[in-house]
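Student: Okay, handing you the structure first.
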There are 2 protein chains.
Amino acid sequence: MKGTKILLVDDEPDVLDFLSYNLKKHGAIVFTASDGKQAIDVAKEVLPDLIILDVMMPVMDGIEACKELRQLPETKDAMIIFLTARTEDYSQIAGLEAGADDYISKPLNLRVLITRIDAMLRRGRRAEVRQGIVDVGGGVKINNESFSVTVNGEEYTLPKKEFELVTLLTSKPGKVFTREDILNKIWGGDVVVGDRTIDVHIRKLRQKLGDDKITTLKGIGYKFEF
Amino acid sequence: MKGTKILLVDDEPDVLDFLSYNLKKHGAIVFTASDGKQAIDVAKEVLPDLIILDVMMPVMDGIEACKELRQLPETKDAMIIFLTARTEDYSQIAGLEAGADDYISKPLNLRVLITRIDAMLRRGRRAEVRQGIVDVGGGVKINNESFSVTVNGEEYTLPKKEFELVTLLTSKPGKVFTREDILNKIWGGDVVVGDRTIDVHIRKLRQKLGDDKITTLKGIGYKFEF
DNA sequence: TTACCATTTTAAGTATTTGTTAATTGAATG
DNA sequence: CATTCAATTAACAAATACTTAAAATGGTAA
């Protein structure tokens, strides 16, 4: 972490100060910005190795900024970490789609943050990202480029919602996602759809993945397992 | 291309005039020089976005000039395109090694040149250099010099947009390009065109390539496959 | 210039796929 | 064994893409 240039972007001065202080203590060279537009300007100037972006910001939010940063030749190779409030879970997906390399949820745990940054710098960019073909185990592979899953050699191209669902469930094998989780992350907090909708999509997935891959926890939710 | 500063470097006044006239017509601000030494002087002065360099020139040839331009802080970020005679193939390799971003062979095809410049300015440096005839699989060959595709022996000369689209889609067979991707890469982030425009171009391509080559993923985008 | 032609974009109606709901059946839990 | 929740199916609704034609656009030649 010594000598690494880090650009911090957040609209809350407290967060900025806190992180700035601590990252400097670990040897980083820290720059700051308080919204997306500023971030881009600063980034073009200092060419940071790593950019830590808050998702919720005025003027230009983190997602937009990230997309733009990925376009610019000066900054497209920088690593980008998103800061997301735990409630706005959906943004994780949007964030990764926008080209982020990792995301960390608030409230911030400093040790976790430092560890993640270290790991990232060590392993190089995109170590954590699910990009291209990801083997999620159980003979199931997910291909983010072609929006398809491969189960024991059989490839299925999935419709959007099904793909989002399988991506979510396999993002943490073994973890149980409640129906509420699923609604929040895939449909977004404000869209209202009936509970049966989830069942139906689960069913369609099971038809393709096989009945044994997704298990139901009655009254709780679903999990992907193998 | 509007407002882009382009520095043309060639020892033949005819070529200079011809290009100068046409690039200006497309909204570029054009500067000229007739050898490498001059080119460097002018470049330091005007800080061009793009430099078009003839390889064969008196006093200082294009390769030398390019190397030098890449050293200078004022010009190292400019994009550089080489003009090479078709026979002097070696220069392509030498040129790219010297730090050029693309090369175009003489005799010049204006449409090709303009398109390559547009693409380069849009996508930023290091547009993939796909030169000559590329076999992208599935019985489809793409010819970058003549803007044509060959499908099972049948050759079609494509209009610009169609050509750009097929080039994009075939640049990664199997990968899905979202509509947003396509708009960004082909039209550029700021141009606003309706979604149907993409459909129509896709359709025209399908009429030529065959219906099975490009597949639609509803709600997501398109991919080239075979 | 002016008229013409090729290309690109928009528009409108149709077709298809995907997503959702509702009604019923089935399974698990206490 | 009754109650609750999930699974299933098919029918319906909504979203999205396809097709065709016609209107802009822009370049080229008389």
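Student: With angles folded into 0 to 90 degrees, how steeply does helix B:195-209 sit against the dominant principal axis of chain B? Use alpha carbons for both and round to 10.
Tutor: Around 80 degrees separate the two axes.
Student: Would you kindly calculate the translational diffusion coefficient of region B:133-224, applying Stokes-Einstein with the Kirkwood radius from alpha carbon pairs, for 20 °C and a viscosity of 1.002 mPa s, and quote it in µm² s⁻¹ without decimals?
Tutor: 161 µm²/s
Student: How many nanometers, to one decimal and shortest first, lie between the label point of A:L217 and those of its other copies, if labels sit 7 Å from Cα toward Cβ?
Tutor: Spacings between copies for this position, smallest first, are 3.0 nm.
Student: Find the centroid of the Cα atoms in region B:50-77 and in region A:24-61, then give the distance between the two in whole Å.
Tutor: 34 Å
Student: Which of rounded, prolate, oblate describes chain B, given a ≥ b ≥ c as roots of the alpha-carbon gyration tensor eigenvalues and a/c under 1.5 marking rounded, otherwise prolate only if a/b is larger than b/c?
Tutor: prolate
Student: Please work out the FRET efficiency for the pair A:V176 and B:V134, using the Cβ-Cβ distance as r and a Förster radius of 41 Å; give the result to the nearest 0.05.
Tutor: 0.25
Student: Set the Förster distance to 35 Å, then compute FRET efficiency between B:E155 and B:V192 from the Cβ-Cβ distance, nearest 0.05.
Tutor: In this case the efficiency is close to 0.55.
Student: Can you compute the modelled spin-label distance between B:K76 and A:D41, with each label point 7 Å from Cα toward Cβ, in nm?
Tutor: 2.5 nm
Student: How many nm is it between the label spots at B:R206 and A:M1, if each spot is 7 Å from the Cα in line with the beta carbon?
Tutor: 5.3 nm
Student: Okay, next question. So for region B:130-172, what are the equivalent ellipsoid semi-axes in whole Å, largest first, each being the square root of 5 times an eigenvalue of the Cα gyration tensor?
Tutor: The equivalent ellipsoid of region B:130-172 has semi-axes of 13, 12, 10 Å.
Student: Mind listing P(r) for region A:162-215? All alpha-carbon pairs, 5 Å bins, whole percents.
Tutor: Each 5 Å bin holds this share of Cα pairs: 4, 19, 32, 29, 12, 3, 0.
Student: Tell me, how many Å apart are the Cα centres for region B:143-218 and for region A:146-211?
Tutor: 30 Å
Bear in mind these aren't lab numbers, they're just calculated from the coordinates by the rules spelled out. Keep in mind it's a predicted model, so treat the numbers as computed, not measured. A quick note on method: Cβ atoms are made from the backbone with ideal geometry, for glycine too, and the neighbour counts reach across all protein chains shown.
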